[in-house]
C-alpha cells in the first residue's frame, strides 16, 4: 500500500511539472499582443535590396493608437536588415525610381504630406510638391523626371469660414471632396517645372504608369464613396503625349489590380466575373488599341485569382488561391497555356502578393506558417523560399497547437474544407471544448498559415485546451465562383448550415465536446455568431459577436456599401425580400436564445452600424435573456485599430468563453466580471 502511495505521489508530481511546463510555454494573451508583423514594400530594380515594413503593436501603457511602423532595408545578398530611415525622419511610402538611383517618400511638411526625394549619392532630401491638401499617394514617372500623384480637393475659403463659425453641417453623401490626379515634371536638380491636373469631376482611387511613361491607367468613380469603389470603378487609360483619355475599359463589378505589358500594347487586370460575383476572381488581358478584352481564367476554375502582372510581353503572372493554399502561375496570352511556378502547399509558406526585380528573376513575399505569424521571404523562381527575417524570435519557444486541413461532407453532400487547430498536448479519444472562428465577408477564406489575432486568438485558446476550428463554408473564396455564389440570395442559409455540420463532424471525429462549444467572428463572422446565438442556439454555449449583422433589413439602410450588398449578396431590392430578410435576421430569433452572448464593436462603424449591436442586445434583454452584454469602442470603425480596444476584445472574449464554454457556468448565474482592466497590463497610477 505504501509503495503504491509513493508511486502515485511521484506520478502526480510528474504530471504537475508537465502541466506547469506546458502552461509556461503556451502562447499567452500578453505575448500575442506583442507579436510583430511584416510586409514587403518594394524591391530594388536590380534585385539587390528590398524595402519592407515591420509593425510593432503599442504597449498597454502607450497613448491609444495603431501599431508603430518602421521601414527596413534588406540586403538580399547577405540577408541583413537595417532601418531605411533614421529615428527622426517620419517618412512614409518609400519608392525607388525606375533606374534605382533615387528614393522618394512622403513626409509631413507645414501640416500636409508632400513628396520628397533623396537624389543618388546625397543624404539630404529635396522637397518636390507643395499641395495645400497634401499628397495621398504617388508614383515615379518611369523617365525619372516627374511623378503622378493624388491630392484631395481643398475646401474653399467660404467653406472654411462657415466651418469656423460653426456651420459645418454634414451633407450625407454629398459635397464630397474627390481625390484628383496630378502630373508634375522636374528638372535635373529636382525642382518642379510643371504641374498638370488630369482629373476634376471624378474621384481617382489608384493609378499605374506604363513602362515608358507615355500612358497612365487609373480607376475612377463619380464620388469618393466606398460603395462606388467596391462596385463601379472603371479603368481609364490616359495618353500623356496627347493629354487625352485614350480608352475607358468596360470592366464590370469588383476590380483588383492592373498593369501594362512592357511594350505598352496590352493591359492585364484582375476583377469579378460579372456584377454578381462577390470577389475579384478572374484575370483579363486587354488589347489597348481596340479594347478587346479576353478572360484568361480557366473555365469552371475552382479557385480565385487576386493579382496579376506581366513577366514579359507574352506571359502574365498571377496569384491564385485554391482552397487553403495560394499559388503562383504564368499564362501565355497567345494560347492560354499556364504553368504552376510556386505552390504554398509544396513549399509550406502561405505567401502574399510578390514584389520583384526588373528582370523578373528575384521575388520577395511576406509569408506565414501555422506556427510563424509573419516574416519576409525571397525566391529566385527556383527551389524553396528563403526566410530572411525573424521578427518574432520568441515565438519559436512557445508550445503551439498542431494545425491540419480537414474536409467533411455537408448535409446536402457538398465537400467543405477547413482547418483545425488542436489543443497543446492533444490526445485522441479525449474530449475537448471547441471554439469556432468564422471569417467575414463572406468573400474571404482561411489559408493554412497563421490564424491567430486579437479577435480570433486561436493559438491562445489551443494553449488553454480548446479545439479551434476555421471552416471555409460555402460562399468563401478560393473554391471558384460557383461555390462563392452558393450564398447569393440566401443569407444565413446553406452557408451557416455548413458551420453546424462542421461542428457535428468535429464532435464525431476529433473529440469535440458537444456540450462545450463556442463561436466568435467579426462582420459576416459576427453575423454567423449571432445566428448561432439565436437560430442555432442549441449548438453553442457562448457567442462573441464582433461588428456583426443582426437585422438585415435595417442593415441595408445604414451600411456604407448598400449597392455592394444588393449586387453581390441580396440580388434583389429589399421590397422584394422583406419576409426572407426578416426571418434570416438574428433579432427575429432572439427570443429563442439559450446562448451566452457577448456583443462588441466600434461605436463609429460605417459598415455594420453600431445600431445592429444595439438591436440584438435590446431584443435579448426584452426577452429576459440572463447572459447578454454589449461593449462598444469609441472612435473605432469596422474592427479595432487602436491597441486599447484590441486588448479589451482579446481578454473579454477569452473570459467569456472560459466562463460559459470551458467551465460551463450556468446561463442564469452571474456573468463574467465587467471590468477586465486588471488583465490589460497597465501601470496603475492611482
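Just so you know, all these numbers are worked out from the coordinates, no wet-lab data involved. Note that this is a predicted model, so its numbers are computed, not measured. We place every Cβ from the backbone using ideal geometry, glycine too, and count neighbours over all the protein chains shown.
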- [ ] Estimate the FRET efficiency between residue 592 and residue 343 by the formula 1/(1 + (r/R0)^6), using the beta-carbon distance for r and 45 Å for R0, to the nearest 0.05.
- [x] 0.45
- [ ] Please give the direction-averaged projected area of the C-alpha convex hull for the range 181-321, in square nanometres with one decimal.
- [x] 9.6 nm²
TODO: Please report 334, 36 as a ranked list, fewest other C-beta atoms within 10 angstrom at the top and most at the bottom.
DONE: 334, 36
- [ ] Give me the distance in nm between label points sitting 7 Å out from Cα along the Cα-to-Cβ direction at residue 353 and residue 411, one decimal.
- [x] 3.9 nm
TODO: Would you mind computing, in nm to one decimal, how far apart the modelled labels at residue 160 and residue 563 are, each placed 7 Å from Cα along Cα→Cβ?
DONE: 3.3 nm
Task: Cα-only radius of gyration and Dmax that characterise the range 399-679, units Å - done: 17.5, 53
Task: Principal-axis tilt of helix 494-509 within the chain, Cα atoms, nearest 10 degrees - done: 50 degrees
Task: Whole-Å semi-axes of the ellipsoid equivalent to the range 435-489 (Cα gyration tensor, √5λ, descending) - done: 25, 10, 9
Open item on the list: Taking R0 as 25 Å, what FRET efficiency do you get between residue 211 and residue 133 from their Cβ-Cβ distance, rounded to the nearest 0.05?
Closed with: 0.25
Task: Between 0 and 90°, nearest 10: helix 2-25 axis offset from the chain longest Cα axis - done: 20 degrees
TODO: State the extension gain, in nm to one decimal, for the chain segment bounded by residue 187 and residue 108, taking 0.36 nm per residue of separation less the distance between their alpha-carbons.
DONE: 26.1 nm
TODO: Would you mind computing, in nm to one decimal, how far apart the modelled labels at residue 404 and residue 143 are, each placed 7 Å from Cα along Cα→Cβ?
DONE: 6.2 nm
Open item on the list: Quick check on packing: order 558-564, 89-95 by the mean number of other C-beta atoms within 10 Å, highest mean leading.
Closed with: 558-564, 89-95
Task: Pairwise FRET efficiency - residue 293 versus residue 578, Cβ, R0 = 35 Å, nearest 0.05 - done: 0.35
TODO: Mind jotting down the distance between the C-alpha centroids of the range 158-179 and the range 421-484, whole Å?
DONE: 45 Å
- [ ] Pull out the extension gain between residue 123 and residue 175, defined as 0.36 nm times the separation in residues minus the alpha carbon to alpha carbon distance; nm, one decimal.
- [x] 14.4 nm
Open item on the list: Using only the alpha-carbon atoms, how far is helix 524-534 inclined from the longest principal axis of the chain? Give it as 0 to 90 degrees, nearest 10.
Closed with: 20 degrees
Task: Value at 222 nm in deg cm²/dmol, rounded to 500, when DSSP H runs of n ≥ 4 in the chain each add -39,500 (n - 2.57) - done: -5500 deg cm²/dmol
Task: Sorted peptide list for 415-427, 185-197, criterion being average Cβ within 10 angstrom, highest first - done: 415-427, 185-197
TODO: Using Cα extents along the principal axes in Å as the read-out, say which of (i) 93, 64, 63; (ii) 98, 69, 55; (iii) 76, 73, 45 was calculated from these coordinates.
DONE: (i)
